[in-house]
Amino acid sequence: MTKPTFTPTYQPFKPTIVAGYISMLLGVLFCITYFDRPLAEYIHHVMHVKIASFAYSSQTHAVLESLSKSPLVLETLAFIIVVLSLTKPYQLRLYHLRNIILLVAINATIIRVSAKIVFGRTWPETWTNNNLSWISHGVEAFYPFSLSAGFHSFPSGHTLLTFTFASLFWQCFPRFKLIWIFAMLAVVLGQLLHNYHYLGDILAGATLGLLVSQLSINYYCHNKNFRHKKGPFNRS
């Protein structure tokens, strides 16, 4: 019987990987403390005041909006893989990948919603229902355990989902790594230049996305209840 293909492998937490996560965490703390507010002001001034005066507005808005929607593309790809895995020609080949996609999607959604509620950060701009923001009200703060969407800026959910799925697909389809890299860069630029999120929110989302993907994959690969005894997840 042919082994299932398109499957990621166990990724141990090597010192370089741990150092990378720590560096990203420190970057988040630095941005929150020193960088987020002045950067949000600068982006607002350049993107929403200066450039808007050159009648660019609708085109640039459309481009940035498209970039910020990277997770929708990756989520659609994940959905297609899950559907294909239910058909006979791909049932075996995509069996493990389907299970990991579902596990990653569930974990990423739980972390995304929980983190936003736990931290309760205000947004850089006011978008809906006169939500508190740094640009409109001079307010940048954390209100832990708030259920209001007006306090759910941290972390960036779009970035979290994009980095989660992009890192997963990078492992499964490494030949298309430029596409996954583009998706990650696109969501960062789209969210940041739109002032949808502070840079600290985006870095936090990226960090959590990578971590959720790695932990979910490692759990799946390590748990014998999910894998074949002689399947592709056995570690040497």
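The values are calculated or read from the model by the stated rules, or taken from the named source; none is laboratory data. For clarity, every value in this text was computed on a predicted model and none was experimentally measured. With ideal geometry, Cβ positions are generated from the backbone for all residues, glycine too; neighbour counts draw on all protein chains shown. Protein only, heavy atoms only, side chains kept; ligands, DNA and RNA dropped before computing areas. Shrake-Rupley method; radii C 1.70, N 1.55, O 1.52, S 1.80 Å.
Brief remarks follow.
- Subset of segment 71-101 (residues that are open to solvent by 70 Å² or more (accessible area, probe 1.4 Å), among the hydroxyl-bearing types (Ser, Thr, Tyr) and more than 23 Å from the chain's Cα centre (by Cα)): Tyr90, Tyr95
- Listed by first and then second residue, the pairs with beta-carbon distance under 7 Å, at least 6 apart or on different chains, first residue in segment 204-222 and more than 21 Å from Val187 (Cβ to Cβ), second surrounded by fewer than 24 Cβ atoms within 10 Å (Cβ to Cβ) and among the hydroxyl-bearing types (Ser, Thr, Tyr), are Asn218/Tyr10; Cys221/Thr9; Cys221/Tyr10; His222/Tyr10.
- Candidate set: segment 111-136, residues that are in a helix (DSSP H, G or I) and of a type in the set (Ser, Thr, Tyr); chosen: the one surrounded by the most Cβ atoms within 10 Å (Cβ to Cβ): Ser136
- Some residue of segment 220-228 being modelled with pLDDT of 90 or more, touching a Ser or Thr at 6+ places or on another chain (Cβ under 9 Å) and part of a helix (DSSP H, G or I): no
- Entry remark, segment 138-176: residues being in contact with a strand residue (DSSP E or B) (Cβ under 6 Å, 6 or more places away or on another chain) and in a loop (DSSP other than H, G, I, E, B) number 2 in total.
- Top-ranked residue in segment 170-191 [being under 15 Å from the mean Cα position of the chain (by Cα) and touching a residue at least 24 places away in the same chain (Cβ under 8 Å); ranked as nearest to Ala78 (Cα to Cα)]: Ala183
- Where a residue in segment 18-42 is touching a residue at least 40 places away in the same chain (Cβ under 8 Å) and open to solvent by less than 60 Å² (accessible area, probe 1.4 Å) and its partner, wherever it lies, is hydroxyl-bearing (Ser, Thr, Tyr) and part of a helix (DSSP H, G or I), with Cβ under 7 Å and at least six apart: Tyr21/Thr207; Met24/Thr207; Val28/Thr207
- Set Phe151, Phe165: member being surrounded by 16 or more Cβ atoms within 10 Å (Cβ to Cβ) and either small (Gly, Ala, Ser) or without any contact (Cβ under 8 Å) to a residue 60 or more places away in the chain (or both): Phe151
- Output for segment 7-35, where each listed residue is among the small types (Gly, Ala, Ser) and touching a helix residue (DSSP H, G or I) at 6+ places or on another chain (Cβ under 6 Å): Gly27
- Hits in segment 71-80 - residues which are in contact with a Phe, Trp or Tyr (Cβ under 8 Å, 6 or more places away or on another chain) and either among the aromatic types (Phe, Trp, Tyr) or at pLDDT 90 or above (or both): Leu74, Glu75, Leu77, Ala78
- Extreme residue, modelled with the highest pLDDT, among residues of segment 58-70 that are open to solvent by 60 Å² or more (accessible area, probe 1.4 Å) and over 14 Å from Leu161 (Cβ atoms): Ser66
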